[in-house]
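None of the figures in this text is laboratory data; all of them are computed from the coordinates on show. Keep in mind it's a predicted model, so treat the numbers as computed, not measured. Every residue, glycine among them, receives a Cβ derived from its backbone with ideal geometry; neighbour counts consider all protein chains shown.
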Amino acid sequence: MKIAIIGTGNVAKSIGEALSKSNEVVYGSRKPEEAKQKMPNANVQSIEEAARNSELIILAVPYEAAKEAIKEMKKAEEGKILVDVSNPMDKNWRWAKGFNESAAEEIAKHAKGAKVVKAFNTIFAENMKTGQLGTEKLATFVAGDDEQAKATVMSLAKGIGMDPVDVGALEKARYIEPAGLLLIELGYGKKMGTGIGLKLVRSQTATQPQQPSASQPSAQMPQ
Ligand SMILES: NC(=O)c1ccc[n+]([C@@H]2O[C@H](COP(=O)([O-])OP(=O)(O)OC[C@H]3O[C@@H](n4cnc5c(N)ncnc54)[C@H](OP(=O)(O)O)[C@@H]3O)[C@@H](O)[C@H]2O)c1
């Protein structure tokens with residue numbers, strides 16, 4: 001698959017290294033000539049060129065720069081899968097959103113026509129190279145409105161070595177993004193470092209969701 005990674009930072013380099021093993025990866029940079037000096041073995045182009053020369057785009061820029069990076073793509077993202085990996089933080093590393101809209105939904109409003117998928121934000125960059133810590137596969141929670149686009153991203157995550165977990169529609173990114181901030185708080189705030197990750201533990205035997213209780217009166221979960 002032809003994949004464009006927008007950004008040349010920590011996430012871009014790690015996930016780029018992982019995906020290059022079985023895909024054609026091109027990086028999109030604001031300053032491609034400078035970036036080429038730092039990444040001599042990588043194919044670095046302008047943001048627009050990289051986006052045009054790809055089937056799937058991973059937006060690996062800070063949350064606050066996402067809008068600008070999308071503008072730079074000059075609509076090259078239309079019709080393509082656009083993966084949002086951002087953890088919406090302000091400059092003080094604090095939560096930068098409310099809870100009524102995720103960064104992913106905001107990005108989808110700016111990238112109209114792209115199939116936006118939320119993924120990879122709950123894995124520290126250095127752990128994206130293998131998607132694992134020791135023998136444990138790290139969970140990447142995936143949300144998106146286009147089922148095929150979501151399946152493609154989940155397949156890429158699985159290929160790296162991660163455990164992709166389908167959370168549902170793009171709106172569910174509202175639950176995924178705070179989990180990214182939780183990990184950052186543990187890693188940096190509580191000084192556990194970046195050798196940590198999230199894992200979804202599943203029972204070996206099939207279980208049904210419990211009957212709703214008084215505090216959860218609705219038997220039917222809204223879609
Ligand atoms: N670091 C992690 O462990 C981690 C884990 C999961 C998710 N994330 C998320 O992944 C995204 C990228 O994180 P990162 O750690 O890779 O960041 P980073 O190392 O700072 O790299 C960000 C890249 O974005 C590009 N960029 C475009 N516009 C920018 C702007 N206005 N200001 C700064 N950089 C800009 C830059 O590439 P050019 O200069 O070449 O344009 C830069 O190399 C963020 O949204 C973050 O929340 C990070």
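Below, the figures for the structure above:
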{"item": "Helix-only [θ]222 nm of the chain, DSSP H runs n ≥ 4, -39500 (n - 2.57) each, per residue, nearest 500", "result": "-8500 deg cm²/dmol"}
{"item": "0 to 90° range, to nearest 10: angle between helix 10-20 axis and the chain longest Cα axis", "result": "90"}
{"item": "Violating pairs (Cα-Cα greater than 28 angstrom) within the set Lys115/Lys158; Lys91/Lys190; Lys38/Lys97; Lys91/Lys150; Lys31/Lys115", "result": "Lys38/Lys97; Lys91/Lys150"}
{"item": "Most fluctuating residue given options Lys129, Lys91, Lys13, as computed from a GNM of the chain linking Cα atoms under 10 Å", "result": "Lys91"}
{"item": "Distant-in-sequence amide H partners of Ala114 (H built 1.01 Å from N, under 5 Å)", "result": "Gly79"}
{"item": "Global geometry of segment 37-155, whether rounded, prolate or oblate, following the gyration tensor of its Cα atoms and the 1.5 cut on a/c", "result": "rounded"}
{"item": "Where chymotrypsin sites (Phe, Trp or Tyr not before Pro) in DSSP loops with at most 16 other Cβ within 10 Å are excluded, longest remaining stretch of the chain", "result": "100-223"}
